1. Under a point spin-label approximation (7 Å from Cα along Cα-to-Cβ), what is the R140-A158 distance to one decimal in nm?
2. What shape does region 277-317 have by the C-alpha gyration tensor, where a ≥ b ≥ c are the square roots of the eigenvalues, rounded means a/c under 1.5, and otherwise prolate means a/b greater than b/c and oblate the rest?
3. Heavy-atom accessible area of T63 with all protein chains present, probe 1.4 Å, nearest 10 Å²?
4. Out of P136, A155, S85, whose Cα points farthest toward the positive end of the dipole of region 81-170 (charges: +1 Lys, Arg; -1 Asp, Glu; placed on Cβ)?
5. Taking a ≥ b ≥ c as the square roots of the eigenvalues of the Cα gyration tensor of region 126-171, is the shape rounded (a/c under 1.5), prolate (a/b larger than b/c) or oblate?
6. With the calculation restricted to Cα positions, what are the radius of gyration and Dmax of region 257-337 in angstrom?
7. Translational diffusion coefficient of region 237-292 at 10 °C, 1.306 mPa s, Stokes-Einstein with Kirkwood Rh over Cα pairs, in µm²/s as a whole number.
8. Which whole-number percent gives the relative contact order of region 105-203, counting Cα pairs below 8 Å spaced six or more residues apart?
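The values are calculated or read from the model by the stated rules, or taken from the named source; none is laboratory data. Given the structure is predicted, the values throughout are model-derived calculations rather than measurements. Every residue, glycine as well, gets a Cβ built from its backbone with ideal geometry; the counts of neighbours run over all protein chains shown. Keep in mind that these areas ignore ligands, DNA and RNA; they rest on the heavy atoms of the full protein, side chains included. Shrake-Rupley method; radii C 1.70, N 1.55, O 1.52, S 1.80 Å.
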Amino acid sequence: AVPFVSEAGGHSPRAPLPQLLPQGPAELRHLGDAQRGARDLTRQLQRESPAQGGAGGREEPLTWSEYLFEELAAHTCIFAFFYASFAYNGIFVWRILPATGKEALQYPFAAAFNVAWALAVWCWLQAHWEDPGAVPGRWREFVLKVGDGLTVTQAQRAWQPGVATLCGQCGIIRPERAHHCRVCGTCYLRLDHHCPFLKNCVGLNNHKHFLLLLTYGALTSFIALGTTFPDFIRLGASYLRLAVGLDWQAPDVGTVDAAFLLALGGIAACASMVLTPMVFFHFALASCNQTKIENSYSNMPNPYDLGTTFDNLPQIFGAPGLDWPFPVRPWRPLADGVAFPRGDIVYEDGVASPRSPQSPQSPSARSAAETEQLWRIRYRVPFKPFGQSDAMPMPSAACGGCFGW
């Protein structure tokens, strides 16, 4: 049986708990066996501690209103992108600017707007299509391999660093910072939130794309507002005069073109008012190495805060490089989604130290053996079968143990 840690932090007796993981090579038949055992454990834990939150329970299906809202939100984004491109380029740049004698501004305005617009659309597509970070198969293999050497804790709405938790919805054992999404119906690594406007979750693999989307989306709306503002005010005033029965005072621009430009200004203004606060909010969280879900945790200081923005942002964007401004996966990622660098402790020669600098080694550069050693250290899994030795694995330079892992 897998040892279970209660909310109070103590180990409950092992005997009453059901078998969770196969024991021995002959019993490693299929991952589904472990998942079924995990579901049995979930039901037992919920009966024993019904007041504890976070373990979940039966997953409620989406209502029709929730489903329709998500569809409407995603399609609204698509419409806004394409309408902005049509109205800005087809109406403002190629019709209104020449009609008002501003031909010299056509190409500079078009270049600035379309570069920001293209980057924003690229970010949206990447964030929408990218797998947010499903629990990887190598973690499941690790769980089966270490057996009852891995302590599994009931999920809580609180910081649980270095702890494997049990999902009460899909019944899998998941690593630290992983959470279940009710809309997508699965657990994702370092889940930030589910975004209906992307029709996808924001997690380990597409968090960077989401932050860039907010940035480029806000930039696009500011460019549209700033470059069209004089004509927006003039044509808006002409429409107001027309509404009260006075003459149209913009003879160089037709009423139809003016209507398209006013609609563009309204969309750009709404987008800027929505995206600007989101940019500040989500980058403030990223600068502390914290997700939106974790923003409500108060049981302890953020254990993943590495101290400075310059240390925390690379946990999402990867090591600084030419890939930062583009919605691609980090070329040199600093976290594998299973074991995250800690800002509160570091093991050096078996001694805990309060400071935790970054590991210079990318997770993709580590061998399978080094990765397993790192995970054993993080989740305090002995190298020998549980019960034969209480000695915990000590980090080595090979696995980055002296660099905050």
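1. According to this spin-label approximation, the distance is 3.0 nm.
2. On the way: a/c = 2.18, a/b = 1.11, b/c = 1.95.
It is oblate, given that a/c is not under 1.5 and a/b is not larger than b/c.
3. 70 Å²
4. Toward the positive end, the furthest listed residue is S85.
5. Because a/c hits 1.5 or more and a/b fails to exceed b/c, region 126-171 counts as oblate.
6. Values for region 257-337 (Cα only, Rg and Dmax): 17.5, 57 Å.
7. Numbers: Rh = 14.2 Å.
Diffusion coefficient, whole number: 112 µm²/s.
8. Reported relative contact order: 24 percent.
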